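Report on the structure given below.
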Amino acid sequence: NDSDSDSDSDSAAGSEANGSETNDDSTNDNANTDVEEKVLKVAFNQPESHPQYKAMEALGEKFAERTNGAYKIEMYPNELLGAQRETIELVQSDTIAMSIVAGSLMENFNPDFTVFNLPYVYDSKDHQMKVLNDEDITGDLFKSTEGQGMLVMGAFHGGIRNVYNNKQPINTPEDLAGLKIRIMESDTNIQMMQLMGGVGTPMGQGEVYTAIQSGVLEGGENNELIYADLNHVEVAGYYSYTQHLMIPDYLIISAELFNGMSEEHQQIFKEELVAAIDLEVKLWDEGVEAAKIRAEEAGGVFNDVDISIFQEAVAPLIKEKVVGETAEELYRKVREAAAN
Amino acid sequence: MNFIKQSLDKVLGIFCVALLGFLVILVTWQVFTRFVLNNPSVISEELAKIVFVWLVLFGSAYVFGERGHMAIEFLKDKLPLKIKTMVEIFIEVVIFGFAGFVLVWGGIIATNLTMTQQSAALQVPIGYLYSALPISGVLILFYCLYNIVEIIKKMKSVEA
Amino acid sequence: MDAVQVALILFLIVGFLLVIGTPISVAIGVGSVVAMASILDLDKSLLTSTQRIFTGINTFSLLAIPFFILAGVIMNNGGIAIRLVNCAKVLTGRLPGSLAHTNVVANMLFGSISGSAVASSAAVGGTMAPLQEREGYKREFSAAVNIASAPAGMLIPPSNTLIVYALVSGGTSIAALFMAGYVPGLLWGLGCMVVAYFIAKKHGYKSDQKITFLQGLRVFLDAIPSLLLVVIVIGGIIRGIFTATEGSAIAVVYALLLSFIYRTIKIKDLPKILLDSTRTTAIVIFMIGVSSIMSWVMAFTNIPGMIAATLLSLSENPIMILLIMNLVLLVIGTFMDPTPAVLIFTPIFLPIAMNLGIDPVHFGIIIVFNLCIGTITPPVGPVLFVGSKVANLKIESVVKPLLPFYGITVIILLVVTFYPEISLAIPKLLGLVK
Ligand code: NA
Ligand code: NA
């Protein structure tokens, strides 16, 4: 299985942590604040500028408003509360309320999640969002971790991962031959990169910049936001749209917390999450555009790729990884949804 | 108690020496697989990190047995013998409490919680990896008891 | 329970336990757990604390520390260190405190390459301390020089802390930050050398023997295999054969092979060498692991943010604000490791600094410089701890000789804060900063 604490950043970015808590200022017009406000702490591994952060903030405002201030969502960006894998344990134990974690990490709790992290499993971002937030498809899967103390509430778009390197634009597997590309540490990812022509090299995200600079690696693979935010564009200027992975990020919540909410509050939360996910998907496009401009200003060169060659190349991996009845069923449903 | 302490020291010492030696070989191997074989190991980095955590936890237990952890001792050293002994016993009790609560109790909770979570590269339950926390904690508990006995013995021998 | 109370609990307990002589790691751990338990259930506090210890240690780049410690011990036992030092003595000649200067330069070199001040102080200090003692240097003095100069390498690129800052500051160019770190890092090292020079002169740490050219040549030739260690490790990192962390393991392997060739170390000596290194490693890294509980509590309760906000409200004068920021960073930096501190403070301070017209690249250097000082100060100073440990000294005996070095680093900090060109000249020259 693939997974890794970092889908994106081991080391974190631009945060808030601003101590002055102005609890009672914003939504007090409709305040019958005899209810005690419950603070829901949310761990996040990316900076405040990230679309998911902004969407969660919007969710927080709406949720507080519609529950008359019963809940206050507090975000902790930049891995302040720990790397993604560690924050899952904090959610499981109800130490914190929620965390946003890479799909690959959920495989470590239930292997059926693997289906949604396979290369080229989705045709587009819309396809991905439609499938993942369709209760008929993912409803059982998302509840499957309840026994482990957490529920998956929904899936955010987590970007499309593309290959970047310091040698040349990539168009075919041959272009990747011999290039060491940083991947998330998992056997699946190593195999995938091998099928794509390169040499997958697991390494903690924090060391990657220096490793590319000195030549230990030739590149990495990630979405445009990370590429620009981590400044990898400075050391690996060729960004090629191989579009090989589209790993979702899940909002997980403490089961104890969620099951303790009134049904009405649960319903409001779900509704507002749907809205937040829509907002995030919209913000994502804007974020990517801005990131691309920043990267180009820093000298990055982007090129489109005929992905069908790579799709064919990794096909054997998909056969190997979709194992078991549930997984096969899920995979069938995902592909069916693509046809519509 | 002395016999258990000495045997434990020996076993722990050998274990830590083996872990550190293995760590050097493992990281060298990681360079070799990547640079020479051009076939990077999937598990070497995760394995190295885990071996390192174990080395530090069990190494720490070993050092608690020697009362060798760094402390600021100049005030304590100025105290009269009786009070100094009491402070030293108090410190061992504090360590006992820390190891008992955080490493053993917290460690057991953490180990149980993560038995159903697989590690990314090694594909073993994280709980196995976390088990070093409560185990090293229990060793520290033993060393604290031993140290308290020794501290009292020493004071009595000085008084006599 | 609000953040002020939690902060009070934390600092009072840690302070009390430290003063009575509790192991530093346990003092920090107990204070942090009690503070956490005052706002969370006991079970959750214990789980979180134990998890922080584990994950605080579970970091690949920390591996450089045991490896450099081990390499240092092997180099000492294997006769490699003495050859290197003899060579350095020939080069620095009769300069007062020549070995201290050698130590500073070696730290800047190793620290810059490995990016870890702790690893560097372990390797270099562990190697040099016994040799300096043979030359009549006081151990406290050589340890202080080693400790004080080690963080210079965190400013000289590559620097992990600057990479973290680049990210939190919203994409400041790492290339620009790296270039901006050179002069402040070199100034740091130079400052240590100046202080060491005067102290060495006062104590008469000076070699009187005259060395002929032939003698010098012989010393140099004898040192070539040892020098190759430095060449291989640094060359391998620069050429991209291995990462800095991996390079520290390669250093161990090379030092060991050379010692076998010199027949100065036998297989049966290895367990003792490994066990010695395990002790130092365990002591230092356990402390780092436990102190990540404290970092977590501080982040969870927003203690640093609260302190910063209170102090910043005291003045509107730009110079005062900059001084206050430095003060907060220095004080909190004495308790926190640089990485979490960068993550917490950058978002609070950077917008204010930018309002004052400070370039984000310059500000990154200011933050990291401050936090580097924190690594060599009590109560929580990993470089201070490891530097004392490898010199077999108690912390309290090293702090006094460190005082003049604290002085010079703070002076350089102020210069770096108020003269942006010191940081920005090189990146401007290269067109990385406008
Ligand atoms: Na450096
Ligand atoms: Na400090």
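The values are calculated or read from the model by the stated rules, or taken from the named source; none is laboratory data. Note that this is a predicted model, so its numbers are computed, not measured. FYI the Cβ positions are ideal-geometry reconstructions off the backbone, even for glycines, and counts take in every protein chain you see. Calculation scope for accessible area: heavy atoms of the full protein, side chains included, ligands and nucleic acids excluded. Shrake-Rupley method; radii C 1.70, N 1.55, O 1.52, S 1.80 Å.
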Would you kindly identify the helices (runs of 4 or more DSSP H) lying entirely within the range C:38-105 that contain at least 3 residues that are buried (at least 22 other Cβ atoms within 10 Å of the Cβ) and more than 26 Å from the chain's Cα centre (by Cα)?
-> C:42-57
Filter the range C:189-235 down to residues that are more than 28 Å from the chain's Cα centre (by Cα), open to solvent by less than 30 Å² (accessible area, probe 1.4 Å) and either of a type in the set (Asp, Glu) or farther than 30 Å from C:TYR406 by Cα (or both), then give me how many there are.
-> 1
Only residues that are away from chain C (no Cβ under 13 Å) and under 24 Å from B:GLN117 (Cβ atoms): list them for the range A:60-102, please.
-> A:MET98, A:SER99, A:ILE100, A:VAL101, A:ALA102
Give the residues of the range A:194-204 that are more than 10 Å from every other protein chain (Cβ to nearest Cβ) and open to solvent by less than 10 Å² (accessible area, probe 1.4 Å), sorted by residue number.
-> A:MET196, A:GLY198
Hey, can you tell me all the residues within the range C:266-293 that are over 19 Å from the mean Cα position of the chain (by Cα), buried (at least 23 other Cβ atoms within 10 Å of the Cβ) and more than 7 Å from chain B (Cβ to nearest Cβ)?
-> C:ILE293
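Just the residues that are open to solvent by 40 Å² or more (accessible area, probe 1.4 Å) and part of a helix (DSSP H, G or I), please, taken from the range C:315-336.
Hits for the range C:315-336 are C:PRO318, C:ILE319, C:MET320, C:LEU323, C:LEU327, C:VAL331.
I'd like to verify a number: residues in the range C:138-163 that are away from ligand 1 (no atom under 16 Å from the Cβ) and either of a type outside the set (Ser, Thr, Tyr) or surrounded by fewer than 23 Cβ atoms within 10 Å (Cβ to Cβ) (or both), how many?
Residues that pass the stated criteria total 10.
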How many residues are in contact with a Phe, Trp or Tyr (Cβ under 7 Å, 6 or more places away or on another chain) and among the small types (Gly, Ala, Ser) if we restrict to the range C:328-347?
-> 0
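Taking C:GLU396, is it within 16 Å of ligand 2 (Cβ to nearest atom), open to solvent by 10 Å² or more (accessible area, probe 1.4 Å), without any contact (Cβ under 8 Å) to a residue 40 or more places away in the chain and of a type in the set (D, E, K, R)?
Yes: the conditions hold for C:GLU396.
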Filtering the range C:359-393 for residues that are over 15 Å from the mean Cα position of the chain (by Cα) and either away from ligand 1 (no atom under 16 Å from the Cβ) or open to solvent by 10 Å² or more (accessible area, probe 1.4 Å) (or both) leaves a count of 9
Of all residues in the range C:137-178, how many are of a type outside the set (Phe, Trp, Tyr) and outside any helix (DSSP H, G or I)?
-> 12
Of the candidates C:LEU330, C:LEU350, the one satisfying the condition of being closer than 23 Å to C:GLY153 by Cα and either within 14 Å of chain A (Cβ to nearest Cβ) or within 12 Å of ligand 2 (Cβ to nearest atom) (or both) is C:LEU330
Pairs, please: C-beta under 8 Å, at least 6 apart or cross-chain, first residue under 20 Å from C:ALA391 (Cβ atoms) and among the small types (Gly, Ala, Ser) and in the range C:55-80, second open to solvent by less than 10 Å² (accessible area, probe 1.4 Å) and outside any helix (DSSP H, G or I)?
-> C:GLY78/C:ILE265
Of all residues in the range C:399-417 being surrounded by fewer than 18 Cβ atoms within 10 Å (Cβ to Cβ) and closer than 16 Å to C:LEU330 by Cα, which is nearest to ligand 2 (Cβ to nearest atom)?
-> C:TYR406
Does B:TRP54 meet the test of being open to solvent by 50 Å² or more (accessible area, probe 1.4 Å), within 13 Å of the chain's Cα centre (by Cα) and at negative phi?
-> yes
If you go through B:ILE95, B:ILE83, B:ILE152, the only one that is touching a residue at least 24 places away in the same chain (Cβ under 8 Å) and surrounded by fewer than 20 Cβ atoms within 10 Å (Cβ to Cβ) is B:ILE152
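Each row is one residue, and each column tells you yes or no for (1) hydrophobic (A, V, I, L, M, F, W, C); (2) modelled with pLDDT of 95 or more; (3) not in a helix (DSSP H, G or I).
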site	(1), (2), (3)
B:ASP9	no, yes, no
B:GLY13	no, yes, no
B:CYS16	yes, yes, no
B:GLY21	no, yes, no
B:GLU45	no, no, no
B:PHE52	yes, yes, no
B:ASP77	no, no, no
B:GLU88	no, yes, no
Given the conditions (1) over 21 Å from C:ALA117 (Cα atoms); (2) open to solvent by less than 20 Å² (accessible area, probe 1.4 Å); (3) of a type outside the set (Asp, Glu), and given that C:VAL342 satisfies all but one, which numbered condition is not satisfied?
-> (1)
Scan the range C:3-10 and give yes if some residue there is free of Cβ contacts under 8 Å to residues at least 24 places away in the same chain, surrounded by 20 or more Cβ atoms within 10 Å (Cβ to Cβ) and not assigned by TED's automatic domain parsing to the domain that holds C:ILE261, otherwise no.
-> no
How many of the residues in the range B:13-27 are in contact with a helix residue (DSSP H, G or I) (Cβ under 8 Å, 6 or more places away or on another chain), within 26 Å of A:ASN189 (Cα to Cα) and open to solvent by 40 Å² or more (accessible area, probe 1.4 Å)?
-> 0
Here, strands (runs of 3 or more DSSP E) confined to the range A:222-304 with at least 2 residues that are open to solvent by 30 Å² or more (accessible area, probe 1.4 Å) and over 30 Å from A:THR95 (Cβ atoms) are A:238-245, A:301-304
Tally the residues that are away from ligand 1 (no atom under 16 Å from the Cβ) and of a type in the set (A, V, I, L, M, F, W, C), restricting the search to the range C:164-190.
-> 3
Scope the range C:26-77; condition among the hydroxyl-bearing types (Ser, Thr, Tyr) and facing another protein chain (nearest Cβ under 9 Å); matching residues = C:SER45, C:THR48, C:SER49, C:THR50, C:THR55, C:THR59, C:SER61
